[in-house]
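**Q** Pasting a structure below so you can have a look.
A short reminder: the numbers here are calculations on the coordinates, not readings from a lab. The structure presented is a predicted model; accordingly, all values stated were derived computationally and were not measured. Here the Cβ positions follow ideal geometry from the backbone for every residue, glycine too, while neighbour counts run over all protein chains shown.
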Amino acid sequence: MSYPPQQPPYGYPAYGAYGPPPEHPQATIILVLGILSLVFCQIIGPVAWVMGKRALNEIDASGGALGGRSNVMVGYICGIIASALIIIGILFFGLFIALGILGTWDSTSSSY
């Protein structure tokens, strides 16, 4: 025998009536900064990285009162990748300059 579903007593909200927790206020900004840092300008990668880490700490400390962890995590990871790319680019640029200087010194010392 099956019984009809029970309604909660008057004055008590049904389970899940409040919905998901609100997103962190900077979740979308961090996501956009992370994506832009990969696509257009790697300089903003460290900004997305630092903001993402701070927001993740705030979300973890909120005890479930703040959501948006997935958006913040994507922006955070994109910021880390963009930061790594800019560091690699700076190293290659420095290597290019160093090899260019060494090549210039070698070519002036040799006679034709």
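**Q** Let's test the formula: R0 of 30 Å, r as the Cβ-Cβ distance of residue 104 and residue 40. What FRET efficiency results, to the nearest 0.05?
**A** Efficiency at R0 = 30 Å is approximately 0.35.
**Q** Related question: What is the set of long-range amide H partners of residue 67 at a cut-off below 5 Å, with H atoms built 1.01 Å from backbone N?
**A** Excluding prolines and chain starts, which carry no amide H, the hits are 23, 24.
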